[in-house]
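This report concerns only the one structure given below.
The values are calculated or read from the model by the stated rules, or taken from the named source; none is laboratory data. Quick caveat, the model's predicted, so the values are computed rather than measured. Virtual Cβ from ideal backbone geometry, glycine too; neighbours counted across all protein chains shown. Accessible surface is based on the protein model in full, side chains and every heavy atom, while ligands, DNA and RNA are left aside. Shrake-Rupley method; radii C 1.70, N 1.55, O 1.52, S 1.80 Å.
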Amino acid sequence: MTTNIAVLVSGRGSNLQSVIDNIENGYIQNAAIKVVISDVEDTYALERARNHGISAIFIDPSSFRNKLAFEQEILRTLEEYEIGLVLLAGYMRIVGREIISAYANRIINIHPALLPSFKGLHGQQQAFDYGVKISGCTVHFVDEGMDTGPIILQKCVPVLEGDTADSLSARILEQEHKILPEAVKLFVEGKLKVEGRIVVRT
Ligand code: GRF
């Protein structure tokens, strides 16, 4: 059975691209990205989706009376495409309760730091400014908190002498492009079970 995937984005979409590529090259099987939804118009992520024949939709938050109405439109779209897995790949909004409860343990986010450190925006910069010697990235299920959900995979990236926040971010991004597809593959193969806040591989 094929798992239908939706990807929510706000920007350049390099993580989206890594999932597209890993479906196309057969690393991830029995999965298809059915729709890419952006809350920002004219993002490169939407263009990437169209380049691969994937429905690319801009949903304008400012055209709804409030966050709930905006999210109901997202939910309606997810249902329309019969989505079984939602990926947040550079989506710059906090997903609300309604979507989270409809898709409990079926929403996955990629974060550019080793959670639970450096939650929120610019995790790479926060880690760099703090002076850590090891940073990295985290793929996790999404719950109602900000970057607090059960952790699926993490990858370490050492901070090197002479690094800048940008050079560190670039090396973290390379690892993001590996662990996000890996997590999607595990999910699609039914190998992830959530016990409390622990993700167990089955
Ligand atoms: C990535 O660093 C991701 O970890 C964070 O936002 C960035 C998105 O990059 N959540 P891209 O749009 O996938 O290129």
Which listed residue, of S101, S55, is open to solvent by 20 Å² or more (accessible area, probe 1.4 Å), farther than 16 Å from L8 by Cβ, at pLDDT 95 or above and more than 16 Å from the ligand (Cβ to nearest atom): S101
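Yes or no, residue by residue, for (1) touching a helix residue (DSSP H, G or I) at 6+ places or on another chain (Cβ under 7 Å); (2) not in a loop (DSSP other than H, G, I, E, B):
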| site | (1), (2) |
| --- | --- |
| A104 | no, no |
| Q124 | yes, yes |
| V139 | yes, yes |
| S167 | no, yes |
| H177 | yes, yes |
| V200 | no, yes |
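In the set G96, G131, G149, G145, which member is in contact with a Leu (Cβ under 8 Å, 6 or more places away or on another chain), small (G, A, S), over 19 Å from I33 (Cα atoms) and more than 12 Å from the ligand (Cβ to nearest atom)? It would help to see each step written out before you state the result.
On the way: G131 fails: in contact with a Leu (Cβ under 8 Å, 6 or more places away or on another chain); G149 fails: in contact with a Leu (Cβ under 8 Å, 6 or more places away or on another chain); G145 fails: in contact with a Leu (Cβ under 8 Å, 6 or more places away or on another chain).
Selected residue: G96, the only one of G96, G131, G149, G145 that is in contact with a Leu (Cβ under 8 Å, 6 or more places away or on another chain), small (G, A, S), over 19 Å from I33 (Cα atoms) and more than 12 Å from the ligand (Cβ to nearest atom).
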Answer yes if at least one residue in the stretch 72-80 is within 23 Å of T2 (Cα to Cα), open to solvent by 20 Å² or more (accessible area, probe 1.4 Å) and part of a loop (DSSP other than H, G, I, E, B), and no otherwise. no
Provide a single number: the residues in the stretch 114-146 that are surrounded by fewer than 19 Cβ atoms within 10 Å (Cβ to Cβ) and at positive phi. 3
Could you list, in sequence order, the residues of the stretch 1-37 that are touching a strand residue (DSSP E or B) at 6+ places or on another chain (Cβ under 7 Å) and away from the ligand (no atom under 14 Å from the Cβ)? T2, T3, N4, I5, A6, I23, N30, A31, A32, K34, V35
